[in-house]
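Contents: one structure, followed by commentary.
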Amino acid sequence: MQIENEIWLWGPQFPAHLDSILSELSGPKRAIQHIAVDGGVLIKPRLAKSYQDQLIAIGDGDSGPIELLNHVHPAEKDHSDLALALQYIQLQYPMPVHIRAIGFCGGRLDHHMISQGCFSRFLKAKPQSQIRLDQQWLMLSQGRWMGQISASLVSLLTFSQTNLTLQGDWRWKLDNEEVQALDDRLLSNCVGAQMLELSSSQPLCLYSDATICDWWKHV
């Protein structure tokens with residue numbers, strides 16, 4: 001799927017799946033902006049020279065070399081480095097944006113959970129945008145979406161009261177049903193390999209036990 005405004009956002013936990021992630025960059029050359037969040041700047045020497053030259057690093061230097069940061073923030077602050085990086089994207093890039101976020105899972109559980117909240121608030125302010133987080137997470141802004149995932153179990157995480165419709169190759173479909181934040185009724189839905197559709201009044205997150213390897217289409 002051809003897209004514009006593709007941003008790769010590197011977090012401190014990026015080494016966990018590095019080889020498979022870098023293989024995504026080995027295909028045809030495309031326009032990608034790389035942004036590192038604090039310790040994520042350590043990815044720089046692993047990127048192609050063309051990507052290194054335009055990488056932007058944002059943070060306070062507590063998990064990576066401060067001298068490599070382009071935008072340095074004080075350690076004593078009210079927001080996380082991720083929130084500040086997303087604020088930068090919000091101001092610098094027109095919507096919609098497609099963010100490939102690597103390195104925000106697999107560390108401290110509280111950091112993972114807060115990161116999900118940061119991403120969700122960003123998507124609420126950026127309609128028609130999406131975030132592929134590490135290998136198995138897909139976060140979508142509010143609206144109607146179509147896409148495919150390998151046949152698998154998929155849980156949907158909502159972060160506030162949401163009206164949700166699920167159509168297409170879902171085992172359990174919904175028709176504009178009101179669901180609550182982190183509603184347990186959205187746990188372990190079964191999906192096939194055919195087209196999936198969803199409509200959501202709020203941003204939400206899909207977690208699959210298969211790798212999510214493509215963007216979805218806003219319709």
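The values are calculated or read from the model by the stated rules, or taken from the named source; none is laboratory data. Since the model is a prediction, treat every value here as computed from it, not as a measurement. A quick note on method: Cβ atoms are made from the backbone with ideal geometry, for glycine too, and the neighbour counts reach across all protein chains shown.
What do you reckon, is GLY117 of a type in the set (Gly, Ala, Ser) and closer than 15 Å to LEU156 by Cα?
It is true that GLY117 is of a type in the set (Gly, Ala, Ser) and closer than 15 Å to LEU156 by Cα.
Go through (1) surrounded by fewer than 14 Cβ atoms within 10 Å (Cβ to Cβ); (2) within 25 Å of PRO96 (Cα to Cα); (3) at pLDDT 95 or above and name the single condition ASP175 misses.
(2)
Do we find that SER160 is more than 22 Å from GLY192 (Cβ to Cβ), surrounded by 17 or more Cβ atoms within 10 Å (Cβ to Cβ) and in contact (Cβ under 8 Å) with a residue 40 or more places away in the chain in this structure?
Taking the combined requirement at face value, the residue does not satisfy it.
Does ILE43 satisfy the condition of being assigned to a helix (DSSP H, G or I) and in contact with a strand residue (DSSP E or B) (Cβ under 7 Å, 6 or more places away or on another chain)?
yes
Which is surrounded by 12 or more Cβ atoms within 10 Å (Cβ to Cβ), over 27 Å from SER141 (Cα atoms) and aromatic (Phe, Trp, Tyr), of TYR88, TYR51?
Being surrounded by 12 or more Cβ atoms within 10 Å (Cβ to Cβ), over 27 Å from SER141 (Cα atoms) and aromatic (Phe, Trp, Tyr) holds for just one of TYR88, TYR51, which is TYR51.
Consider ALA83 carefully, then state whether it is among the hydrophobic types (A, V, I, L, M, F, W, C), within 19 Å of the chain's Cα centre (by Cα) and over 10 Å from TRP10 (Cβ atoms).
Spelling it out, ALA83 is indeed among the hydrophobic types (A, V, I, L, M, F, W, C), within 19 Å of the chain's Cα centre (by Cα) and over 10 Å from TRP10 (Cβ atoms).
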